[in-house]
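Laboratory data are not the source of any read-out in this text; all were calculated from the coordinates shown. Given the structure is predicted, the values throughout are model-derived calculations rather than measurements. Cβ atoms come from the backbone with ideal geometry, glycine included; neighbour counts cover every protein chain shown.
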Amino acid sequence: MKILRILRMAFNSLRLNRLRSILSTLGIIVGVASLILITSFGYGAQREILSSINKIGSDAIIITPGKVSDVRRAFSSIGSTVTKPITYYDLKFLKDQIPGVVATPSLTTARATVKVGANEITVTVSGVNEDFLVALGYDLALGRGFTSTDVNSFMNYAILGSKIANDLFGTEPPVGKSITLLNTKFYIIGVLAPQGNTMFGSVDRNVYIPITKLISLTNTNSLGAIYMKPPKGMSKDVLIALATTLLKNRHGVENFTISDMEQFANLANTATSILTTALTLIGLIALIVGGIGIMNIMLATVAERTREIGIRKAVGANSMDILLQFLFESIVITVVGGMIGIVIGVLGAQLASRLSPTAITPNSIIVGFTVSVAVGVFFGVYPAVKASKLNPVEALRYE
């Protein structure tokens with residue numbers, strides 16, 4: 001009962017000094033909200049990358065130009081070329097030599113302009129083959145994918161990302177309509193289902209055309225990567241061994257790197273974990289700054305309430321009663337600030353998800369609230385101890 005009485009006194013004291021209490025709480029609110037918000041970006045990036053890797057499948061492999069010993073360098077080489085780059089003819093050669101294999105290229109042009117009547121927007125153009133939907137795990141919302149005939153016949157066909165389709169045609173079905181791209185008319189045969197942000201960037205803002213057509217229009221044949229999946233009955237390791245032998249014999253030298261998606265998943269998980277940890281530390285610094293603010297205000301409060309402390313001790317309150325009252329005031333500030341900060345952080349993360357992928361985890365909420373309470377205890381102890389050690393006689397004389 002004594003604890004409840006002291007706790008009630010702490011609430012009453014905070015209510016009587018509302019402005020000071022609000023300013024003290026503000027630092028914790030900002031700290032907790034910042035912690036939840038910024039860590040949500042790290043967890044969101046991790047979720048998006050791992051989701052895109054899972055779509056491709058753990059049995060997929062990636063062939064990148066240049067021989068490197070580190071998967072991180074292989075990942076960074078996607079989109080680059082070397083002295084003897086990987087070409088579309090290498091991809092065709094592998095498909096011919098390994099029956100049933102699923103393989104698609106990574107050949108992306110620079111930004112290009114697409115026109116529909118007076119409507120004109122800038123897009124990313126990617127050259128793909130008939131396997132790209134299966135190889136990359138994409139789904140169609142409308143129409144159909146490319147066939148081998150489309151690719152081999154250099155057809156002027158295009159598949160639009162969902163956002164590009166919406167920007168160009170609104171609610172009208174785009175399939176069957178035409179667009180002007182790279183000074184050439186293309187007919188739309190399909191629209192991708194929304195994919196969101198992936199390890200390949202914003203797929204929803206891409207336009208896909210047959211790789212053969214893109215090569216003929218841009219006069220470039222170098223591939224940033226080849227994505228492959230083994231045929232039924234073949235393991236990933238066998239596919240890696242086959243592709244390595246075939247390409248090495250074809251090139252005369254092993255000037256390429258073959259990595260599997262498990263390696264990329266581990267790399268992505270490590271990178272995003274480091275990012276999330278760094279963001280968490282930044283959020284914790286904000287909380288500590290808020291705690292220092294609480295300590296400063298509580299010290300000022302002790303100085304202002306010196307006579308009150310003297311009176312309480314004179315009528316029977318002991319040092320522990322005074323210590324608990326001031327400590328409870330600090331804890332109440334951080335608990336209330338922590339709860340408000342959680343609400344603001346969650347709402348902020350949901351709003352931010354419209355601009356960038358975010359993910360709120362129970363861990364970030366628990367850590368934010370626990371640290372806020374710990375900050376209240378840690379930075380509230382010194383002012384509370386100082387208040388409890390005041391001499392009642394000296395306190396009553398204080399002006």
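Shown is the FRET efficiency for Tyr382 and Ser356, computed with R0 = 51 Å from the Cβ-Cβ distance and rounded to the nearest 0.05: 0.80. Here the label points at Asn296 and Asp237, each 7 Å from Cα along the C-beta direction, are separated by 6.2 nm in the simple model. Computed extension length for Ala271-Thr180: 28.8 nm, one decimal, from 0.36 nm per residue of separation with the Cα-Cα distance subtracted. Simple rule: put +1 on each Lys or Arg Cβ and -1 on each Asp or Glu Cβ in segment 116-252, find the dipole, and look at Leu217, Gly143, Met228; the Cα lying farthest toward the positive end is Met228. Just to confirm my numbers, what's the Cα centroid distance between segment 209-265 and segment 153-194 in Å? Distance between centres, Cα-based: 28 Å. Rounded to 0.05, the FRET efficiency of the Thr220 and Arg250 pair, given R0 = 22 Å and the Cβ-Cβ distance, is 0.65.
Over all other residues within a Cβ to Cβ distance under 15 Å of Thr212, the charged ones net out to -1, with Lys and Arg as +1 and Asp and Glu as -1.
Given their separation in residues at 0.36 nm each and the Cα-Cα distance between them, Ser51 and Ile285 gain 81.2 nm when the chain is fully extended.
Counting only lysines at least 8 places from Lys95 when in the same chain, those with an alpha carbon closer than 27 Å to its own are Lys55, Lys67, Lys84, Lys213, Lys229, Lys232, Lys236, Lys248. What is the sum of charges around Pro357, taking Lys and Arg as +1, Asp and Glu as -1, for the other residues whose C-beta is under 14 Å from the C-beta of Pro357? Net local charge, Pro357 excluded: 0.
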